[in-house]
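> Right, I'll just put the structure down here and ask away after.
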Amino acid sequence: MRASIALLPGDGIGPEVTDAAAAALDAVSARYGHRFTLTRSPFGAAALRAGDPPLPQATLQTCLAADAVLLGAVGDPAFSEGPGERRPEAGLLQLRRELGVYANLRPARVWPGLEHAVPLRPERVRGLDLLIVRELTGGIYFGEPRGRNHDRSEAFDTMRYAAHEVERIATVAFESARKRRKLVTSVDKANVLECSRLWREVVTEVADRYPDVRLEHQLVDSCAMRLVSDPGSFDVLLTGNLFGDILSDEAGAVVGSLGLLPSASIGGRGGLFEPVHGSAPDIAGRDAANPVGAIASAAMLLRHALGASREADAIESAIGAALDDGCRTADLAPPGAPAMGCTAMTKAIVGRIGDLP
Ligand code: IPM
Ligand code: MG
């Protein structure tokens, strides 16, 4: 198979973890005889520093022409005070919108052997395997009007959902649940927000088409609590843009580290694949990042954008084997215990890709 993949390393630890994901893609292409062309383009603060917008035109064109986009991370404290459109994050939001990738899949599971690296008691998390289906191109992230009044006495954002946006993301959640344990928990704030009341109605209508899948509705505050008190009771969590952002970081903590979580953003052109973690400027350039989220995102790219599920399985098995053999980056190691760097962890995973049948 031939495929073109746009790599956007971005900021902070983004370049390190993107290199790790690229090494995994190289290993599977060597193993299974594929030809993947990986093209790196400037994005985020790296682009702003060169005097360009956070998503330069040329980078966008490369992404639109590629079969899939693999992104590291965006965000840089040097640009945190700037106006909205000059922030690195604005480039990411624009890219998601331009690609039309409205469905963000964020799987979170406890890898075997990591039960003792999690903050909760091992029996609470054993077998935990959930999927957050987050709406990604609507809601309060994009609603208009937004802004400030001229004397800066007030600022405002708008949460807005069209019924068709809810319908299509709910469909993704039910289709996913059908291939899993057949439970959708739809998360909203219907006791307060009009958007959430529409959300609930539309999700309930979509559920009628899936009699084999159970639907439950849950308010976001109690869902946040259940995610730490009984995380194993979830299968698919269906939610909007803002709640999904918050709950997925919480899910990262529950499974041991946000550094483990991958994501796939699909539904539009090609697909955008990125670890859930941010740019982590405090550890950038110190070879201390956990590459698992990015490498697992490359596996999701293979599965969702290229239909290469055997290759995706090979990467995921290699991650599992490395973790099961005790390979630990600093975020996973017990306090004071020796930890592997990003490069060593990547080698440990990539080296195990070849081992598999
Ligand atoms: C995420 C991130 C982004 C988001 C930021 C960087 C804009 O937190 O992907 O979860 O809020 O969607
Ligand atoms: Mg986030």
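The values are calculated or read from the model by the stated rules, or taken from the named source; none is laboratory data. Only a predicted model underlies this, so the values are computations on that prediction, with no experimental measurement involved. Cβ: placed from backbone, ideal geometry, glycine included. Neighbour counts: every protein chain shown. Calculation scope for accessible area: heavy atoms of the full protein, side chains included, ligands and nucleic acids excluded. Shrake-Rupley method; radii C 1.70, N 1.55, O 1.52, S 1.80 Å.
> Tell me the carbon and sulfur percent of the accessible area for region 220-308, rounded to whole percent, probe radius 1.4 Å.
Result for region 220-308: 56 percent of the exposed heavy-atom area is carbon or sulfur.
> Continuing with this model, one more query. Any idea which of Pro338, Ser317, Ile353 is furthest toward the positive side of the dipole for region 311-353, if Lys and Arg beta-carbons carry +1 and Asp and Glu beta-carbons -1?
Among Pro338, Ser317, Ile353, the one farthest towards the positive end of the dipole of region 311-353 is Pro338.
> Report the GluC sites (Glu not before Pro) located in region 86-168 that are in a DSSP loop and have at most 13 other Cβ atoms inside 10 Å of their Cβ, or state none.
Glu154
> Follow-up. At 37 °C and 0.692 mPa s, what whole-number value in µm²/s does Stokes-Einstein give for the translational diffusion of the chain, with Rh from the Kirkwood sum over Cα pairs?
158
> Please state, rounded to one decimal and in Å, the Kirkwood hydrodynamic radius that region 78-141 gives when every pair of distinct Cα atoms enters the mean of 1/r.
Computed over Cα pairs of region 78-141, the Kirkwood hydrodynamic radius comes out at 14.8 Å.
> Dipole of the chain, Cα-centred, from +1 at each Lys and Arg C-beta and -1 at each Asp and Glu C-beta, to the nearest 20 debye?
That gives the chain a dipole magnitude of about 640 debye.
> Also: Per residue, how much accessible area does region 54-181 have with a 1.4 Å probe, in Å²?
Solvent-accessible surface per residue comes out at 48 Å².
> Over the chain, what is the mean sequence separation of C-alpha contacts under 8 Å (at least six apart), divided by residue count, expressed as relative contact order in percent?
22
> Accessible area per residue of region 236-312 at 1.4 Å probe, in Å²?
Value for region 236-312: 27 Å² per residue.
> If you wrap a convex hull around the alpha carbons of region 5-79, what volume per residue comes out, as a whole number of Å³?
Taking only Cα atoms, region 5-79 has a hull volume of 70 Å³ per residue.
> Rounded, prolate or oblate: which one fits region 94-200, using the alpha carbon gyration tensor with axes a ≥ b ≥ c (rounded when a/c is under 1.5, else prolate when a/b beats b/c, else oblate)?
prolate
> Note down the Stokes-Einstein diffusion coefficient of region 242-357 in µm²/s, whole number, using a Kirkwood radius over alpha carbon pairs, 25 °C, and 0.890 mPa s.
In µm²/s, the coefficient rounds to 165.
> Mark the label point 7 Å from the Cα of Arg180 along Cα→Cβ and return the residues of region 275-305 whose backbone N is within less than 15 Å of it.
Counting only backbone N, you get 300.
> Once region 159-238 is represented by equal point scatterers at the alpha-carbon sites, with solvent omitted, what log10 I(q)/I(0) does the Debye formula produce at q = 0.21, 0.22 Å⁻¹?
Computed log10 I(q)/I(0) values: -0.94, -1.01.
> Tell me what the chain gives for mean residue ellipticity at 222 nm when only DSSP H runs of n ≥ 4 count, each as -39,500 (n - 2.57), the sum divided by the residue total, rounded to 500 deg cm²/dmol.
Per the formula, -12500 deg cm²/dmol.
> Does region 118-265 come out rounded, prolate or oblate, given a ≥ b ≥ c as the square roots of the eigenvalues of its C-alpha gyration tensor, rounded meaning a/c under 1.5 and, failing that, prolate meaning a/b above b/c?
oblate
> Could I ask something else about it? Counting DSSP beta bridges in the chain, what percent are antiparallel, to the nearest 5?
Around 35 percent antiparallel, to the nearest 5.
> Lys/Arg Cβ at +1, Asp/Glu Cβ at -1, dipole of region 198-297 taken about the Cα centre: which of Ala280, Pro291, Phe234 is farthest positive-ward?
Farthest towards the positive pole: Pro291.
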